[in-house]
Every structure is written in C-alpha cells, then in structure tokens.
Amino acid sequence: MIKWYEESDAEVNRSIALITGESPEKWYPYGGVKGKDYCKNPADAWPIICAHKISLNALSQDSNPQWQASITTQGGVWQAGSSSPLRAAMICFLLSQQTQATLA
C-alpha cells in the first residue's frame, strides 16, 4: 500500500489525475498544458471534495494548524491529516480509492 503522506504533491496530483481521467503526461514540463494542482488549488480540488463528500476539520488554531479530512462510505471510513487542508483531502481521497481498487 502506498504511503501517501510520504509522497510529493506532484505524485499525489499525478495519481489523482489518473483516477479522474486526466492525462498528466501532457502537463508541464514535458507537455504544453498547465497541470492541475489538487494539493494547492481549490478550483482543482473542490469538485473532488464535493463529489466524494470529504469533510475537513481544523484540529488546531495555532501557528501550525493541522487539518483532518475524512470520507465515510459503505466501504468504510478513511482519514488523513496534513498542515494543508487540500492535501489532507486529496490524500483521504486517494486512500479511499486505493482501498476500493483493492476490494474490486
């Protein structure tokens, strides 16, 4: 099982693109199309967050906030944390998709 917490934003973005039917091979620097940044751009992440009903909660209000994302489906509950709310949500999404693929 992939440890998404250890992966770079670029790898998380690439994996999400493949799941959602995007073509990351066409993205910069090798292709001519600006790629999506699901971990940092709300416009890219929000459709996934809404479609999969990912919950986001701030766990702390100090200078280094931690965010927790969670998804609950018939297949289970997945949670992920990060200092970035979008990254937490995208890791949570990948965990749920990875588990569903394993069960299929």
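Values quoted throughout were computed directly from the atomic coordinates according to the rules given, and no laboratory measurement underlies them. Every value quoted in this text rests on a predicted model; they were computed, and no experiment measured them. Cβ atoms come from the backbone with ideal geometry, glycine included; neighbour counts cover every protein chain shown.
Neighbour counts of other Cβ atoms within 10 Å put Tyr5, Tyr38 in the fewest-to-most order Tyr5, Tyr38. Tally Lys and Arg at +1 and Asp and Glu at -1 over the other residues with C-beta under 14 Å from the C-beta of Pro42: what net charge comes out? Taking every Cβ under 14 Å from that of Pro42, the sum is +1.
Using a 10 Å cut-off around each Cβ, can you sort Ser82, Ser23 from fewest to most neighbouring Cβ atoms?
Working: Ser82 20, Ser23 11.
So the residues, fewest neighbours to most, are Ser23, Ser82.
How much of the DSSP bridge set in region 4-103 is antiparallel, in percent, rounded to the nearest 5? Spell out each step's value before the answer.
On the way: 11 of 12 bridges.
Of all bridge pairs located within region 4-103, approximately 90 percent are antiparallel.
In the neighborhood of Leu86, defined by Cβ-to-Cβ distances under 12 Å, what is the net charge if each Lys or Arg adds +1 and each Asp or Glu adds -1?
Working: positive: Lys36, Lys40, Arg87; negative: Asp9, Asp37, Asp44.
Local charge sum for Leu86: 0.
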